[in-house]
Amino acid sequence: MRVSKQHVVYQMHRDHPAVASCRSGDTVIFETCDCFHDSVRSSTDLVSGVDFSRINPATGPLFVEGAEVGDLLKVDILSIRLESQGAIVSAPGLGRLADLIGKELTVIGEVSGDSIRILGREIPVRKMVGVIGTAPAGEAVPTGSPHDHGGNLDCTEIREGASLYLPVEVEGALLAMGDLHASMGDGEIMGAGLEIAGEVEVRVEVIKNRKLPTPFIETPDRVMTLASGKNMEEAADRAVRNMAEYLMQTTELSLEEAGMLLSMAGDLRVCQIVNPNMTMRMELDKRYLA
Ligand code: CA
Ligand code: CA
């Protein structure tokens, strides 16, 4: 099944009608626009020309049959395919250099195989999904904001081979995604990676009777708790506490011991510090879960 990028939302919202439906276990391809709704095509397309009412389009939402409130939605990222060209932008007021930036600049990157030609350099392709989430139970959340439902997490670990667990807060889950990056560094300091259109092939599965602190990522080697907050400290505390809680639920460790393990062998990392909420993640090798 394929969900066309003609069907996009700018908010994650329980009232949005599903544009497609699938069964648990199905494989679905989401075609995705870049975060500028494919409007930045050359170095002369500047931020000031972008229609900010159409920023961060997320393709969907997809209704997953059998997904009920309180379930988990497991999304396996099977493959990410990119177009051959992406864009990165800067403008006064954007990102962590905001007050220093004096002019708008757009730079185009050419993707060829495993590398990107940009800024007179070759940098490796590190494909990832920036925006992915389910519909929250309450008020609509703009696709530019990350929170517990997912959204604009901008986490470099949401890439091929990862499984992302999201909460099901409304019937059918209403999954949507977009904002692919050909490459982005942890932090996303300018507020953009190499923004690019493409498609994401995922397998979706409804998980019943299991509790996880979401958003939660499992890779072949690691587990990760993601959390967003109004600043890095709040996001970090939430990510750490979620992982400690997970360890207490799944191992024999006490809170103190779980904290010690994380303090010695876990990695607290930044996802992004440029969106309306900041997002951090706590990572731990799976071998410590035994
Ligand atoms: Ca983003
Ligand atoms: Ca982006």
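Okay, here's what the table says:
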{"read-out": "Within-15-Å neighbourhood charge of Glu218 [Cβ basis; K, R +1; D, E -1]", "value": "+2"}
{"read-out": "Inter-label distance for Ser112 and Arg126, nm, one decimal - labels placed 7 Å from Cα along Cα-to-Cβ", "value": "2.2 nm"}
{"read-out": "Size descriptor, Kirkwood hydrodynamic radius, that averages inverse alpha-carbon separations across the chain, Å", "value": "19.1 Å"}
{"read-out": "Rough spin-label spacing in nm, given labels placed 7 Å along Cα→Cβ, for Met1 and Ile189", "value": "4.2 nm"}
{"read-out": "Whichever aspartates and glutamates have a C-alpha closer than 17 Å to that of Lys103, once near sequence neighbours (fewer than 8 apart) are set aside", "value": "Asp45"}
{"read-out": "Accessible area of the range 11-52 belonging to carbon and sulfur atoms, whole % at 1.4 Å probe", "value": "45 percent"}
{"read-out": "Dimensionless Rg/Rh of the range 80-165 - Kirkwood Rh, Rg from C-alpha atoms", "value": "1.03"}
{"read-out": "Extreme residue, positive dipole direction of the range 2-207, given options Ser163, His13, Ala135 (C-beta unit charges)", "value": "Ser163"}
{"read-out": "The range 1-84 - accessible surface per residue (Å², probe 1.4 Å)", "value": "47 Å²"}
{"read-out": "Residues whose placed amide H lies under 5 Å from that of Gly151, excluding near-sequence neighbours", "value": "Ile132, Gly133, Thr134"}
{"read-out": "Cα-based helix-to-principal-axis angle, 232-250 vs the chain, degrees rounded to 10", "value": "40 degrees"}
{"read-out": "222 nm mean residue ellipticity, helices alone, for the chain (DSSP H n ≥ 4; -39,500 (n - 2.57); rounded to 500)", "value": "-3500 deg cm²/dmol"}
{"read-out": "Helix 255-265 vs. the chain, principal-axis angle (Cα, 0 to 90°, nearest 10)", "value": "40 degrees"}
{"read-out": "Surface share of carbon and sulfur [accessible, 1.4 angstrom probe, percent] for the range 216-289", "value": "52 percent"}
{"read-out": "Candidates Val19, Val204, Val223, ranked by Gaussian network fluctuation over the chain, Cα under 10 Å, top entry", "value": "Val19"}
{"read-out": "Most mobile of Asp38, Asp99, Asp148 in a GNM of the chain (Cα contacts under 10 Å)", "value": "Asp99"}
{"read-out": "Whichever aspartates and glutamates have a C-alpha closer than 15 Å to that of Lys211, once near sequence neighbours (fewer than 8 apart) are set aside", "value": "Glu68, Asp71, Asp148, Glu169, Glu245"}
{"read-out": "Between the range 155-189 and the range 107-130, the alpha-carbon center distance in angstrom", "value": "20 Å"}
{"read-out": "Cβ charges +1 (Lys, Arg) and -1 (Asp, Glu), total dipole of the chain, debye", "value": "240 debye"}
{"read-out": "Gain upon complete extension [Leu105, Asp76; 0.36 nm per residue less C-alpha separation]", "value": "6.9 nm"}
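The values are calculated or read from the model by the stated rules, or taken from the named source; none is laboratory data. All values derive from a computational prediction rather than experimental measurement. Cβ coordinates were reconstructed from backbone atoms using ideal geometry, including for glycine residues, and neighbour counts include every protein chain displayed. These accessible areas exclude ligands, DNA and RNA; they are computed on the full protein's heavy atoms, side chains included. Shrake-Rupley method; radii C 1.70, N 1.55, O 1.52, S 1.80 Å.
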